[in-house]
1. Out of the stretch E:148-164, which residues are in a helix (DSSP H, G or I) and surrounded by fewer than 24 Cβ atoms within 10 Å (Cβ to Cβ)?
2. Does B:Val236 satisfy the condition of being under 26 Å from B:Phe65 (Cβ atoms), among the β-branched types (Val, Ile, Thr) and modelled with pLDDT of 90 or more?
3. One residue is enough: does the stretch C:3-23 have a residue meeting the conditions touching a residue at least 60 places away in the same chain (Cβ under 8 Å), farther than 15 Å from C:Leu208 by Cβ and out of contact with any helix residue (DSSP H, G or I) (no Cβ under 9 Å at 6 or more places or on another chain)?
4. Got a sec? Which of E:Leu256, E:Leu227 is out of contact with any Leu (no Cβ under 8 Å at 6 or more places or on another chain), within 22 Å of E:Ala147 (Cβ to Cβ) and either assigned to a loop (DSSP other than H, G, I, E, B) or open to solvent by less than 70 Å² (accessible area, probe 1.4 Å) (or both)?
5. Considering every residue within the stretch E:6-14, establish whether at least one is in a strand (DSSP E or B) and surrounded by fewer than 24 Cβ atoms within 10 Å (Cβ to Cβ).
6. Given C:Gly28, C:Gly65, which one is open to solvent by 20 Å² or more (accessible area, probe 1.4 Å) and either away from chain B (no Cβ under 14 Å) or within 16 Å of ligand 2 (Cβ to nearest atom) (or both)?
7. Of the residues D:Leu186, D:Leu208, D:Leu197, D:Leu201, which is among the hydrophobic types (A, V, I, L, M, F, W, C) and within 14 Å of chain A (Cβ to nearest Cβ)?
8. Right, E:Glu77: away from ligand 1 (no atom under 16 Å from the Cβ), without any contact (Cβ under 8 Å) to a residue 24 or more places away in the chain and of a type outside the set (Gly, Ala, Ser) or not?
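The values are calculated or read from the model by the stated rules, or taken from the named source; none is laboratory data. No experiment lies behind these values; they were computed from the predicted model shown. Here the Cβ positions follow ideal geometry from the backbone for every residue, glycine too, while neighbour counts run over all protein chains shown. When the accessible area is computed, the model is the full protein with side chains, heavy atoms only, and any ligands, DNA or RNA have been set aside. Shrake-Rupley method; radii C 1.70, N 1.55, O 1.52, S 1.80 Å.
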Amino acid sequence: MEHKASVLENLGEVRAMIKRHKRNDTLFAALGLLCLMFGLLTLMLLFWQLIADGYPKFNLEFLTEFPSRRAGRAGLLSAWVGSLLVMTVTFLSAVPVGVAAGLYLEEYAPKNWFTDLIEINVSNLAGVPSIIYGLLALGLFVYILGFGQSILTAGLTLGLLILPIVIVSTREAIRAIPVSIREAAYGVGATKWQVVYDHVFKYSYGGILTGVIIGMSRALGETAPIITIGALTFIAFLPPSPITSEPPFLNFEWLSSGFTVMPIQMFNWLSRPDHAFHVNAAATGALIIVVTLLMNGGAIWLRYKIRKNIKW
Amino acid sequence: MQAPVELPISPRLAKNIRRNVKERIIELILMMAALVAVATTFAIVGVLLYESLSFFKTVSVVEFFTDTEWTPLFEDAHYGIMPLVSGTLTTSAIALAVAVPIGTVSAIFLSEFASHKTREIVKPILELLVGVPTVVFGYFALFFVTPLLQTIYPDLPSFNMLGAGIVMGIMIIPYIASLSEDAMRAVPMSMREGSYAMGATRFQTAVKVVTPAAISGIVAAYILAISRAVGETMVVAIAAGQQPNLTFNPLESAATITAYIVQVAMGDLPHGSIGYQSIFAAGLVLMAMTLSFNIIGHWVRKRYRENY
Amino acid sequence: MATITTPIKAEARDLNFFYSNGARALKGISMPLYENKITALIGPSGCGKSTFLRCFNRMHDLYPGNKYQGQIVMHPDNTNVLDSGVDPIEVRMRISMVFQKPNPFPKSIYENVAYGLRVRGENNKRIMDDKVEEALKGAALWNEVKDRLHDLAFNLSGGQQQRLCIARALATDPEIMLFDEPTSALDPIATANIEELMVELRSKLTILVVTHNMQQAARVSDYTAYMYLGELIEYDDTDKIFTNPGRKETEDYITGKFG
Amino acid sequence: MATITTPIKAEARDLNFFYSNGARALKGISMPLYENKITALIGPSGCGKSTFLRCFNRMHDLYPGNKYQGQIVMHPDNTNVLDSGVDPIEVRMRISMVFQKPNPFPKSIYENVAYGLRVRGENNKRIMDDKVEEALKGAALWNEVKDRLHDLAFNLSGGQQQRLCIARALATDPEIMLFDEPTSALDPIATANIEELMVELRSKLTILVVTHNMQQAARVSDYTAYMYLGELIEYDDTDKIFTNPGRKETEDYITGKFG
Amino acid sequence: ADKIIKIDGSSTVYPITEAVAEEFQRTKGIKVTVGESGTGGGFKKFCRGETDISDASRPITQKEIDLCKEGGVQFIELPVAYDALTVVVNSKNDWVKQLTVAELKKIWEPNSSVKNWKQVNATFPDKAMNLYGPGTSSGTFDYFTEAVNGKAKASRKDYTPSEDDNVLVQGVSGNVGGLAYFGLAYYLENTDKLRAIPIVAKEGGKPVLPSEATVMDGTYQPLARPLFIYVNATSAAFKPEIKAFVNFYLENAPELVKEVKYVPLPKEDYDAVKTHFKAMKPGTGFNGTSEVGIKITDLLSRIK
Ligand SMILES: Nc1ncnc2c1ncn2[C@@H]1O[C@H](COP(=O)(O)OP(=O)(O)OP(=O)(O)O)[C@@H](O)[C@H]1O
Ligand SMILES: Nc1ncnc2c1ncn2[C@@H]1O[C@H](COP(=O)(O)OP(=O)(O)OP(=O)(O)O)[C@@H](O)[C@H]1O
Ligand SMILES: [Mg+2]
Ligand SMILES: [Mg+2]
Ligand SMILES: O=P([O-])([O-])[O-]
């Protein structure tokens, strides 16, 4: 049959063509690597610059000193404590609500317009720019609800900001749990909530946590909404302690206290005329990145561990 | 066998009221949590609309969209949003011009060329870029990228849209790369096997089969990236200049909607003044822009969802 | 037909079932389950075996839009378990189910078996220990796992996992047990184990099993029902069905001419 | 045994295959593929049929860590396609494959068929048109699609999609065609179509087909190989295998006693 | 609850107040927050009673006085330092040797069409001019427009405005054709990148560079200006910590003002201000209008 031998006859030609095509492979692989490295190298360059610039401030005093007009003396104490407290509020507001909402949408919500409405809302909120959350906070929390420029306002604002992240990651984690597990639980007579709590929630926990960490690390670096609520101030003190020595041992005054957070402090230092402050700013930037890296790294590690442990 | 007749329900099988009530209450609580998302949207839209309405009592909508100057805080105030919109669109376009090619190529590389191990390592690292505070990127644009650009364009002002846009592009590379890679991963292996079985090379398979198959996911990633760029604040506030300027020339400095909002917020917030209201009106425009991008993105994904 | 002396544990009466997309998956099925007997459901893929089985413990209630029509009457209560006034949870507490693919919870072996009891509010450790042991013995798994009750269930082999799922279902003393192709994911040895176990369990409860392995149906069941396209084509003593089926379609299927 | 006059197109010689996890999926398989004949591979699920088939076009190279041992020699050139010096792309240009589930590309019908030609650098529209038509005719699909060549391939029915995949594989004039359970996702009518097509194609090329439908093997193939647990248990004329198998295991499998 | 002293206002005065606040907290342990919303922004909050003290780089305006009246806030006006509003260009700019007020006006007046140095003075090169200046809520903006253009807030609008003075520094230092104006301190911290322009007050006069000396001797005109803090009178009377803070402020001002590179008032002026505060006399010596080149003692004596 004439056409049968085609490849064999032109073997030389075919080989040359394959070689040509493979060169495209190599070229593209090189280009791809280059593109990837572009992003990675930029990150490293940036990080390196911050480290090099902020190097003189890498000491413990930087964390134990208040901001000061003297760059050499100025530290991050009020800023990191502020960040910690704001993050606490963010965590406490976003996580329970986000997880509950994720559980509802994935396990309970019937398929109707109402659920669609919620779904559309969640996915849209995920795309709303952070500055808009700042405007919401300004209009709603600061003025209408009268929370002022407080830790509570900032924490709730960032809480709303990361809510979609928590909801989406909760839903993704839940979806990884096979139907067969749910059916098994229902099969032995579990109620819906028992199925949801004992199984769905417990097994997706790690995945949810990953999302929460990623959300929190995003919140940690947010600057624009905090500026929008008007919290760009010199704060050289700590908010009232949440724990007191007398009963009831808890104190909520800190919620209404003024505050500063790390990115804001960094911003403030960068706007100083004296260059010595830019060292502090660089050190702060490096610190934020390190914390972010640690958090993200933790999340990635967690994700990896989950994937390794549970194979459905 | 007898025809079905209504049978009484034995107590052992009847509904357990207490348990059912408890279940309903739990469901209600969870639903309330889900409603927070709806409430947030309504609150955002409500706050923006409320303050904007006061704003539009002073400023006509026509002026708002046709005036070519935006100077609400000056004595001789003009309220034309277009200079802010032009700044926003220009910086976003530059960002996309950087991020789309690099992000897409990175995604193809990660999905089709890199080994499993490389992907497992690189992808999370790439995602770390998303976690870097944007203030840091802002100063990176101002102190590093712009001076670099000034060696090419000596007349480039220190605040310019080009530098800010490029850095914003770098910021959204991981976003595009990661989402596009997800879309490509979702293309079933059988599709690739089909191509390889025909004697195609990796590059041919990636470009002729996998990318077209994942195109809706990739386009959705682009659109969501636009929405990210349009909403990005600190980079443009720090590096693009804060002067409302009706121009699409990347070599000029200009203000974006977001930059205007933080600039005002950084100064003072005289509650109830026209200046205060103006940031909400600007915010409303921003919200409308990002919202429409998000909706288009979702629509693309839904409409052209791959049916392999 | 079956001798009338055997008591009926449950029976389907003119049962129709509609999936949420409107597809009618069961068409007027009427069929008894005799007490302490094994009834097998056979038929080609997609004929509605699983659908029918899952009506018994109202599993379809989990997915909105599904609709039952007709009755499944459970004895001695003489109650239609499909009645809207019946609590599906109560039904599932009396009718348990074993699935096609072993689906243990990612918990310890002990906790897997104990789960049905916990769901019922049982918290007494002593009672629990006893019940777990009893169930594992009943599922012929006790000897293999007694020294590692607190190991993760995922570490068991496929066959062991399936027996664990049986133990889990047994722990709550169900009256009826439903098996949906319980051995299709298992190797021959594990299959033989499970089959043996089913035969043993028969003395304690009533069994309905879906299988598409006809040899299996012939080996383990007392009664066999042949379904096709949502209809019950033939129901009879297993021996009769496999030696002298009443219908041409059944014969074609059994002899492998079709399917 | 086959008559010695029929030329051999390819043969496996003591072929072993190891998946990246170290599992040895093929154990010393030696077997010929006779030219212009259909060889069927049967055996229970997991016995290595697909694994064996996919060695012929080096499909396993797509996943890192897989290892071949032994040879698959192709005639008349006597090339060992598993040789590390042989480019898998070159092999795949000579040996094409049709998969279990139809997997058309998300392109038009025309572009699907033309793909193999484009990959080979063919750009001439005239030649392309001719080849596409020829291939579609070869796959008995031309009449059904000739008026909508630029429709998306996804809009075809399952059986049509599978024939399209066959046309795609045909368009490049392969010497051998591999079919991995090509009809298992299809309804009986589409199945009959494909089977007919395979028999027709035999005159042009050599076919290796995996099936777990024994009737299918009996209907279409000239030679049949029975595999079990990675080993080739028996290879012979199809008639012989199905009427008078040489091995007890083969007989058990064919009569349905097992599997 | 803890006592907190809330201060907001001028970004020019911010470094001084911040220094005082820092020392005050260190020695007295009372919490102080200092914002920098600009003079105008600060007054808005101050008149709503949200802050105890407002920093200002210009006197309070009639509008703001009315606002305070509305909010029931009485204030005590206290000058705390001098500043020289400095006009700067890039250090690579070698063509501008001096600028007259008229030339500044030409550049900055409303609807000014100057886009090129050549348009200012024919001897200047043909070079694009990029302008940077404080935002509209800034006291510096008000003062400069008053002093140069003759009317507070009357300014051209097509320049890069920022409440963050460092943005302005950055703008000019990255741009050979750049020009900006802001407080002296920001210039003194950036003398490597910027060059201050000597200002000619009246046609034919002598060009004067901003410095401590030229401010003190009154020759740097019209851009030398006093800086103020405004204290809520009720707070001052009833909150001991506010009183303590203001006294601490005035006590340490000479040293701290110098440290942050501003010009302290003469000693006798500080004494007069202290006395004025002790007397708790509310009101302003400006009557809601700005005045260029006034003496502190005169000012204080106007308030009855
Ligand atoms: N969730 C569903 N929605 C709609 N139709 C369904 C659903 N599940 C099954 N069906 C359809 O109902 C019919 C009966 O399915 P069922 O799963 O009961 O078959 P089966 O006899 O158990 O088959 P198999 O042996 O493959 O398990 C089939 O036609 C199937 O396509
Ligand atoms: N990617 C893989 N990695 C490791 N082992 C594999 C992989 N793919 C298949 N196997 C194993 O190799 C053996 C042969 O698998 P193969 O898919 O060839 O079987 P088969 O005969 O085609 O079965 P089926 O009829 O189900 O398609 C099986 O035990 C299978 O579990
Ligand atoms: Mg089934
Ligand atoms: Mg196979
Ligand atoms: O911040 P100002 O000092 O310019 O008001």
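1. Keep residues of the stretch E:148-164 that are in a helix (DSSP H, G or I), which gives E:148-149.
The one that is in a helix (DSSP H, G or I) and surrounded by fewer than 24 Cβ atoms within 10 Å (Cβ to Cβ): E:Asn149.
2. Yes; evaluated as a whole, the condition is true for this residue.
3. Yes, there is a match, as at least one residue in the stretch C:3-23 is touching a residue at least 60 places away in the same chain (Cβ under 8 Å), farther than 15 Å from C:Leu208 by Cβ and out of contact with any helix residue (DSSP H, G or I) (no Cβ under 9 Å at 6 or more places or on another chain).
4. Unique residue meeting the criteria: E:Leu227.
5. Of the stretch E:6-14, the ones in a strand (DSSP E or B) are E:6-9.
Remaining after also requiring surrounded by fewer than 24 Cβ atoms within 10 Å (Cβ to Cβ): E:6.
Scanning the stretch E:6-14, I find at least one residue that is in a strand (DSSP E or B) and surrounded by fewer than 24 Cβ atoms within 10 Å (Cβ to Cβ), so the answer is yes.
6. Numbers: C:Gly28 fails: either away from chain B (no Cβ under 14 Å) or within 16 Å of ligand 2 (Cβ to nearest atom) (or both).
Going through C:Gly28, C:Gly65 in turn, just one is open to solvent by 20 Å² or more (accessible area, probe 1.4 Å) and either away from chain B (no Cβ under 14 Å) or within 16 Å of ligand 2 (Cβ to nearest atom) (or both): C:Gly65.
7. Details: D:Leu186 fails: within 14 Å of chain A (Cβ to nearest Cβ); D:Leu208 fails: within 14 Å of chain A (Cβ to nearest Cβ); D:Leu197 fails: within 14 Å of chain A (Cβ to nearest Cβ).
On inspection, the qualifying residue turns out to be D:Leu201.
8. For E:Glu77, the condition - away from ligand 1 (no atom under 16 Å from the Cβ), without any contact (Cβ under 8 Å) to a residue 24 or more places away in the chain and of a type outside the set (Gly, Ala, Ser) - is not met.
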